[in-house]
1. Output yes when any residue across segment 56-66 is without any contact (Cβ under 8 Å) to a residue 12 or more places away in the chain and more than 15 Å from the chain's Cα centre (by Cα), and no when none is.
2. Which residues, counting only those in segment 70-91, are over 19 Å from the mean Cα position of the chain (by Cα) and surrounded by 16 or more Cβ atoms within 10 Å (Cβ to Cβ)?
3. Give the residues of segment 59-77 that are closer than 19 Å to residue 111 by Cβ and part of a helix (DSSP H, G or I), sorted by residue number.
4. Tell me which of these residue 94 doesn't satisfy, since it passes every other one: (1) within 20 Å of residue 63 (Cβ to Cβ); (2) exposed (fewer than 15 other Cβ atoms within 10 Å of the Cβ); (3) touching a residue at least 40 places away in the same chain (Cβ under 8 Å).
5. Determine if segment 22-35 includes at least one residue that is in contact (Cβ under 8 Å) with a residue 24 or more places away in the chain, surrounded by 11 or more Cβ atoms within 10 Å (Cβ to Cβ) and part of a helix (DSSP H, G or I).
6. Give me the residue from segment 47-58 that is assigned to a helix (DSSP H, G or I) and at pLDDT below 85 and, out of that set, surrounded by the most Cβ atoms within 10 Å (Cβ to Cβ).
């Protein structure tokens, strides 16, 4: 007699949540410990979420820079996917917009440096750099003034360095930086008018 068909439905978050709600505190701590031990990514995530520090941003910054611009004498490949995953992991674990923008700037700086130094030429590569620029531009207004000032200084460096790169990348950086710079005085003028 043939066996009954097995359901192919994948468990959902609701299924997991229902099981978790049955755990006592000791069981939950044990589960989180097992997740912590299961992978380096889990460890980084939990450390960034539960023990926020400047060193957490530094760890992620290193991951991003090494994925985008690995040592040219190493056998590591460029992995924009790994760099983007590290940025996403940091954002999800901390919710820290300033740190997330810092990591996107690191991505852009490392990519620009690599393209200028080694002549890296790939359409998808430049599209990824432009996507990070766009993401920074979308977050610009919500950044604190001090973070915008630091980001603007870093973008000015990228702008200068990008002039040595083809593929229209330098022009794109010019356009984005000009838009961000143009937005700054208007915001300051509006604040000054409302203060009077």
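1. Checking segment 56-66: not a single residue is without any contact (Cβ under 8 Å) to a residue 12 or more places away in the chain and more than 15 Å from the chain's Cα centre (by Cα).
2. none
3. Within segment 59-77, 60, 61, 62, 63, 64, 65, 66, 67, 68 qualify.
4. Of the numbered conditions (1) within 20 Å of residue 63 (Cβ to Cβ); (2) exposed (fewer than 15 other Cβ atoms within 10 Å of the Cβ); (3) touching a residue at least 40 places away in the same chain (Cβ under 8 Å), the odd one out for residue 94 is (2).
5. Filtering segment 22-35 for residues in contact (Cβ under 8 Å) with a residue 24 or more places away in the chain gives none.
For segment 22-35, residues in contact (Cβ under 8 Å) with a residue 24 or more places away in the chain, surrounded by 11 or more Cβ atoms within 10 Å (Cβ to Cβ) and part of a helix (DSSP H, G or I): absent.
6. Residue satisfying both the conditions and the ranking: 48.
The values are calculated or read from the model by the stated rules, or taken from the named source; none is laboratory data. Keep in mind it's a predicted model, so treat the numbers as computed, not measured. Cβ: placed from backbone, ideal geometry, glycine included. Neighbour counts: every protein chain shown.
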